[in-house]
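My questions will all concern the structure given below.
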Amino acid sequence: MQFPAWSPEKALEVIALTSHEPGPVLVTLQGIQDHFGYVPDAAVVLIAQACNVSRADVHGVLTFYHDLRTDLPAKTQIHICVAEACQSMGARRVVADAKQEFASNADVEITDAYCLGNCALAPAASINGNLRGRVSAESLAQQVSQL
């Protein structure tokens, strides 16, 4: 996934679109991340000013939600479900094997997810937001190689 480089000017445009929404801090953080792929430190100050809250308040929301990130993501994001249904079908083994499979590939990031809503095809994963079922480390490697 390609994201544009950080730009305070563009960040202010994103903030202007979201800072009036209910729960403006979270919505604005999500907007910044959707646009840039992450929330840079410089955005925290801009969001605090626009939402009329402290930087500590923005930082608290940013660090509370695990889906928000403060660093640029890898090119390929793989989320592997480790909720009960997927766990019962070997998801923890898939996570371990996939982390080993992609250990030397800085363009791939493996993270745990808690329910992707694909329990019938457990273990489930998503690759850059595309849902997959009955995955293994091998099938993930094959699918990533086709990207």
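Please indicate, with yes or no, whether at least one residue in region 122-131 is farther than 22 Å from Leu72 by Cα, buried (at least 19 other Cβ atoms within 10 Å of the Cβ) and modelled with pLDDT under 95.
No, every residue in region 122-131 fails to be farther than 22 Å from Leu72 by Cα, buried (at least 19 other Cβ atoms within 10 Å of the Cβ) and modelled with pLDDT under 95.
Moving on. Looking at (1) out of contact with any Phe, Trp or Tyr (no Cβ under 7 Å at 6 or more places or on another chain); (2) farther than 22 Å from Leu26 by Cα; (3) not in a helix (DSSP H, G or I), which is the only condition Val144 fails?
Tallying (1) out of contact with any Phe, Trp or Tyr (no Cβ under 7 Å at 6 or more places or on another chain); (2) farther than 22 Å from Leu26 by Cα; (3) not in a helix (DSSP H, G or I), Val144 fails exactly one: (3).
If you check Leu140, Leu72, which single one turns out to be of a type in the set (A, V, I, L, M, F, W, C), exposed (fewer than 15 other Cβ atoms within 10 Å of the Cβ) and either under 21 Å from Trp6 (Cα atoms) or touching a strand residue (DSSP E or B) at 6+ places or on another chain (Cβ under 7 Å) (or both)?
After ruling out the rest, the residue left standing is Leu72.
Sticking with this structure for a sec: Mind checking whether some residue in region 79-86 is in contact with a Leu (Cβ under 9 Å, 6 or more places away or on another chain) and assigned to a loop (DSSP other than H, G, I, E, B)?
yes
Return the total of residues in region 8-66 being touching a residue at least 24 places away in the same chain (Cβ under 8 Å), within 17 Å of the chain's Cα centre (by Cα) and in a loop (DSSP other than H, G, I, E, B).
Residues meeting the conditions: 5.
Same structure again: Could you grab me the full set of residues in region 117-132 that are under 15 Å from Arg92 (Cα atoms) and assigned to a loop (DSSP other than H, G, I, E, B)?
Across region 117-132, the qualifying residues are Ala122, Pro123, Ala124.
Taking Ser139 as meeting all but one of (1) in contact with a helix residue (DSSP H, G or I) (Cβ under 8 Å, 6 or more places away or on another chain); (2) outside any loop (DSSP other than H, G, I, E, B); (3) over 21 Å from Leu68 (Cβ atoms), write down the number of the exception.
In the conditions (1) in contact with a helix residue (DSSP H, G or I) (Cβ under 8 Å, 6 or more places away or on another chain); (2) outside any loop (DSSP other than H, G, I, E, B); (3) over 21 Å from Leu68 (Cβ atoms), Ser139 misses (1) alone.
The values are calculated or read from the model by the stated rules, or taken from the named source; none is laboratory data. All of these numbers come straight from a predicted model, not from anything done at the bench. In this analysis, Cβ positions are derived from the backbone assuming ideal geometry, glycine residues included, and neighbour counts consider all displayed protein chains.
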